[in-house]
Amino acid sequence: MSTLFDEQFLRRLEYLHLVSRKVYAGQQRAERRSKKVGSGLEFADHRDYAPGDDFRYLDWKVYARMERMLIRLHEEEEDLIVYLLLDCSRSMGVGSSVTTKYQQAARLAAALGYIGLANLDRVCLIPFGDTLLDRVPPLRGKKQIFKIFRALDGIEPQGKTALNDCVRLFTHQHKRRGMVVLLSDFYDPDGYEESINLLRYSRFEPFVVHLFDDDELKPGIRGDLSMVDCETGEVREVTITPKLLKRYQAVHEAFCTSLETFCKSRNVSYFRTPIQVPYDEAVLRIFRAGGFLK
Amino acid sequence: MTFTAMTVSTWVTLLASLSGVITLLYFLRLRRRQVEVPFSPLWRQVLLESQSNSLFRMLKRFISWLIQLIFLSLVLTALADPVFSGDTEISHSSEKDPESKHTLLLMDTSASMQAMMRGTTRFSIAQTKALEAINQRIPNEVFMLATAGRDVTTETGWTDNNESLKQVVRSLQTSDSTSNPVSWMQYARNATRGLPNARVVLITDQEFPPIDDDIARSIHLEVIQIDAREPAKHQNNVAIVDFIIRSHLGNSLKYAIYYKLKNTSPQTVTVDAYLHVDASGTARNHSDFISLPPVGTPARHTLAPGEEKTIERVSVDLSGVRAALVLDVQDIEDVLQVDNVAFSVIPERKTVQVALVGPRQMFVEAALKARNHVNVVHVPLQQWTNADGFDLVVFNGVTPNQAPQGNSIWLNTDSELPIPVNGTIPGGPLIVPSSQSQHPAMKYVRFIDLEPSRLLRVKAGRDDTVLARTKRGSRPAIVAHSDESARWLVVAFDPVESEWVAHYSFSVFFVNAINWFFEEESRLSRTLTLARPWNIQLHWPHRETVEITTPSGEEFTALVDDGGRIAFSGMEAGFYEIRASEVESNSLKTVAATMANAAESTLRAEGQYAPYVPRTPPEIRLDQVPKIFGAPAWQVLLLLALILTVIEWLTYNRRWTI
């Protein structure tokens, strides 16, 4: 058992699962309804009969009352795929605090994945940096969580962030639609807008989890420094003053707000959490925020 | 521009060294710490605004360094109290400056400075006063420090370095020697001769005869007196002011001790005098003897205020030991301990076994027996083999085949032993040369009407000493020889024929000879006083140096002169060991040194002198203060430095980024 996912972690996952079941009681296995109309049991709608339609679906009661031939439509009941897109770029590994953004993101991914598996959804983990890394194929059943643990344990944050390229590649490779939980700090010089839009246009259901480190906003540095970008290696000589730090905090806040605004304006679920918040509390907040459990 | 608070060279040195430090810190400041950030584009947005004044950003480091250097030079200049040419006529510190002032600080380190006063020694108070005087040194004044006991020792040269002066003052210690103001004044006169504005500051308890006013004036003597506020209490002292051990006149195996005690306190005191002895020959000073049990019961003496009392203890049965007489004062708190002890080396005394070889002659035997405890054994020449079992061999007109080891006297022996003899010569009146009148063998020996008819023609060697010679022709008549293995005396004439045997001097000669052979009297004379330099006869030929160990265990080397004497000045009371060589155990002489000085133990200040007055720095009249823009220069300079500090703060107030 790794230090990231120990016994205590598993016990907390079970607790989260129970909480999720209690809050959203009545939603059992395979009850996530897709919008596909098919051969399920739940009535969805009527439509006019067309030659070639199966007579078995004619609504005879309506025909008797209204003398119209209408076909009963039922919702297709199928299990949902939850794609966990986890940012593993170098910026996720930077941090002076006890935990890093990657570690927090990995715990969140594991927790959400476990809850998905427990609800008999299919869960697929896809780490990415400057390209898509080795993915964990769609899994089903609680016991499969350990495959996710192993995969997360074996990842070392490195490389640049290429969110747009990775999402584009993802949409090309995965035709089956589902929920895409995007866990990242969104520190991509090319921006995040294109990638989120791409998921929307490809009829995936994006769920944005934005992680940030409070220590990044209040770095204990002063004076003359050589500032090195951890992903690009770009060096910049700066003189840090309290005034400059305040300005930086404002810019960072504007960055976060713009991401949130972008998501909400497009009806994309957005959740922001500092890594200093314990992951289980963060998961509960995600539940309360809605969008993940339906 | 010149400075009054420091020399230009000091100012330049300070500026250079501190500038170096600032420059070093400046370069350290240039080193940037590398910090990794996760996303630099956010920082880029922030920095875009602050980069607008990039030229100033480039310059500000250099400007900061420059400002710091200017700041430093301004502060240093202000501290140096600048004077601009033409502003004033204030003189400045420099040894070459004719206006510079010289002060010779003379610290009394004589034994009386060990006296206790208000819980501490007088010398500790003197050290404090000396430090105060150094602190009061004005900028253009230079000090020289010397210690004055029996001799004067130069401790520092002329210097304006207060710290080094203070360091030396703190390291000084007193001696057990006596005051010697004549020597002090001589030294002071020589040290200050030809120097402008020179004066002598003597820090002392004034326990010495008054210095002549003319001499004091000529050297501008000023005195810092160690003031005894409760003089009666601070003079409570009982001292051994004289100490002699001599042979007992009635018994040559015993000694007599004489000592003189003095009570300087205003009350009657009871004193117990203990005699401690050390037979092992390891005790060196007072503390060593305190641990030894006293011999017999102590002698109790009562001394009235100011009384001096001489005490004689006869028939002291001691031999071959180191002895110390220690006082235990009962009724008062004795403020000076060093004069409560006196030391002496007591040589071994024994019955001397003498072999008289040759025809039996009552004159010689009687002369030998003039000293007590002499056993004379008559040995015919035919039965003579060697000197085993005898301390002294006297050959009376006969010569053995081989000279014996050890001590011997040769009376009229016509042979090659122990020195070459080449026939005889006509005799004549004999004299003792004045240079040899103090020789141990010739003490009290005077030749009056002593005219042997013939003398052996002996040839004295380089290491031999002619103790008596003919008045005409200077032919040797008595020759002495001493080396590490043997001592002998050769009498080159017949004492019977010359009728010397009928003179008192004949017996005295034999008593002297025995004393010289066994060094009894000469060793007794080695209780030395610390009031004078010492001149010690060693009788060790062919020695150029000897090693001397002081009572405190320090070792030094002394030169031996052509006459086999060493001259040195001990400064501690106790036993001094003189060694010719580490490996030759028989070449060891021990001498005892004792303070025993009535004047030093009196503890009463004498004389009136000009008190010490610190020099005052050159007065600066308000209208003479150098001004810049109508304000005093130092104020303007400090204000400028303050302004520069504010500028530096505003432009480059950053913490160190090492």
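Just to be sure before I move on: is residue A:187 within 15 Å of the chain's Cα centre (by Cα) and under 16 Å from residue A:85 (Cβ atoms) in the structure I sent?
No, not satisfied.
Give the residues of the stretch A:256-286 that are without any contact (Cβ under 8 Å) to a residue 40 or more places away in the chain and either within 14 Å of another protein chain (Cβ to nearest Cβ) or assigned to a helix (DSSP H, G or I) (or both), sorted by residue number.
A:257, A:258, A:261, A:264, A:265, A:281, A:285, listed by residue number.
Given the conditions (1) within 14 Å of chain B (Cβ to nearest Cβ); (2) surrounded by 15 or more Cβ atoms within 10 Å (Cβ to Cβ), and given that residue A:169 satisfies all but one, which numbered condition is not satisfied?
If we test residue A:169 against (1) within 14 Å of chain B (Cβ to nearest Cβ); (2) surrounded by 15 or more Cβ atoms within 10 Å (Cβ to Cβ), just (1) comes out false.
Out of A:247, A:236, A:177, I need the residue that is more than 10 Å from chain B (Cβ to nearest Cβ) and basic (Lys, Arg). Which one?
Going through A:247, A:236, A:177 in turn, the sole match is A:177.
Take the residues in the stretch B:27-40 that are buried (at least 17 other Cβ atoms within 10 Å of the Cβ) and assigned to a helix (DSSP H, G or I), then tell me which one is farthest from the other protein chains (Cβ to nearest Cβ).
Of everything passing the filter in the stretch B:27-40, B:29 is farthest from the other protein chains (Cβ to nearest Cβ).
Among (1) surrounded by 17 or more Cβ atoms within 10 Å (Cβ to Cβ); (2) at pLDDT 90 or above, which single condition is residue A:231 missing?
Against the list (1) surrounded by 17 or more Cβ atoms within 10 Å (Cβ to Cβ); (2) at pLDDT 90 or above, residue A:231 comes up short only on (2).
Take residue B:408 and decide whether it is more than 30 Å from residue B:587 (Cα to Cα), in the same structural domain as residue B:362 (by TED's automatic domain parsing) and under 42 Å from the mean Cα position of the chain (by Cα).
Judged against the criteria, residue B:408 is not a match.
Scan B:487, B:446, B:475, B:457 and give me the residue that is surrounded by 14 or more Cβ atoms within 10 Å (Cβ to Cβ) and in contact with a helix residue (DSSP H, G or I) (Cβ under 8 Å, 6 or more places away or on another chain).
Result of the check over B:487, B:446, B:475, B:457: B:487.
Out of B:614, B:618, I need the residue that is part of a loop (DSSP other than H, G, I, E, B), at pLDDT 80 or above and out of contact with any Pro (no Cβ under 6 Å at 6 or more places or on another chain). Which one?
Result: B:614 is the single residue among B:614, B:618 that is part of a loop (DSSP other than H, G, I, E, B), at pLDDT 80 or above and out of contact with any Pro (no Cβ under 6 Å at 6 or more places or on another chain).
Of B:165, B:172, which residue is touching a residue at least 12 places away in the same chain (Cβ under 8 Å) and closer than 29 Å to residue B:595 by Cβ?
Selected residue: B:172, the only one of B:165, B:172 that is touching a residue at least 12 places away in the same chain (Cβ under 8 Å) and closer than 29 Å to residue B:595 by Cβ.
So residue A:226 passes all but one of these: (1) modelled with pLDDT under 85; (2) in a strand (DSSP E or B); (3) more than 9 Å from chain B (Cβ to nearest Cβ). Which condition number does it fail?
(3)
Can you name the residue in the stretch B:500-542 that is in a loop (DSSP other than H, G, I, E, B) and touching a Lys or Arg at 6+ places or on another chain (Cβ under 7 Å) and is also modelled with the highest pLDDT among such residues?
B:530
Report, by residue number, each residue of the stretch B:379-419 that is among the hydrophobic types (A, V, I, L, M, F, W, C) and over 18 Å from residue B:493 (Cβ atoms).
B:379, B:381, B:384, B:387, B:390, B:392, B:393, B:403
Which of the numbered conditions does residue B:532 fail, given that it passes all the others? Conditions: (1) under 30 Å from residue B:342 (Cα atoms); (2) free of Cβ contacts under 8 Å to residues at least 60 places away in the same chain; (3) surrounded by fewer than 20 Cβ atoms within 10 Å (Cβ to Cβ).
Among (1) under 30 Å from residue B:342 (Cα atoms); (2) free of Cβ contacts under 8 Å to residues at least 60 places away in the same chain; (3) surrounded by fewer than 20 Cβ atoms within 10 Å (Cβ to Cβ), the lone unmet condition for residue B:532 is (2).
The conditions are (1) crowded, with 21+ Cβ neighbours inside 10 Å; (2) modelled with pLDDT of 85 or more, and residue B:245 fails exactly one of them. Which is it?
For residue B:245, the exception is condition (2).
Determine which single condition residue B:634 fails, assuming it passes every other condition in (1) at pLDDT below 75; (2) within 21 Å of residue B:530 (Cβ to Cβ).
So the condition that residue B:634 fails would be (2).
Kindly establish whether residue B:303 is closer than 21 Å to residue B:528 by Cα, buried (at least 21 other Cβ atoms within 10 Å of the Cβ) and of a type outside the set (Ser, Thr, Tyr).
For residue B:303, the condition - closer than 21 Å to residue B:528 by Cα, buried (at least 21 other Cβ atoms within 10 Å of the Cβ) and of a type outside the set (Ser, Thr, Tyr) - is not met.
From A:206, A:219, A:189, which residue is more than 10 Å from chain B (Cβ to nearest Cβ) and either touching a residue at least 24 places away in the same chain (Cβ under 8 Å) or touching an Asp or Glu at 6+ places or on another chain (Cβ under 9 Å) (or both)?
Of the residues listed, the single one that is more than 10 Å from chain B (Cβ to nearest Cβ) and either touching a residue at least 24 places away in the same chain (Cβ under 8 Å) or touching an Asp or Glu at 6+ places or on another chain (Cβ under 9 Å) (or both) is A:206.
Listed here are the residues, each with its yes/no results for (1) assigned to a loop (DSSP other than H, G, I, E, B); (2) in contact (Cβ under 8 Å) with a residue 60 or more places away in the chain; (3) surrounded by fewer than 20 Cβ atoms within 10 Å (Cβ to Cβ).
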position: B:130; (1), (2), (3): no, yes, no
position: B:138; (1), (2), (3): yes, yes, yes
position: B:156; (1), (2), (3): yes, no, yes
position: B:189; (1), (2), (3): no, no, yes
position: B:202; (1), (2), (3): no, yes, no
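In this structure, is residue A:212 within 30 Å of residue A:13 (Cβ to Cβ), surrounded by 13 or more Cβ atoms within 10 Å (Cβ to Cβ) and within 12 Å of chain B (Cβ to nearest Cβ)?
Judged against the criteria, residue A:212 is a match.
When you go through A:82, A:94 one by one, which is the residue that is within 14 Å of chain B (Cβ to nearest Cβ), modelled with pLDDT under 90 and touching a strand residue (DSSP E or B) at 6+ places or on another chain (Cβ under 7 Å)?
Every option except A:94 fails the conditions.
The values are calculated or read from the model by the stated rules, or taken from the named source; none is laboratory data. Here the structure is a predicted model, which means the values were calculated and not measured. For neighbour counting, all protein chains shown are included, and Cβ atoms are generated from backbone atoms with ideal geometry for every residue, glycine included.
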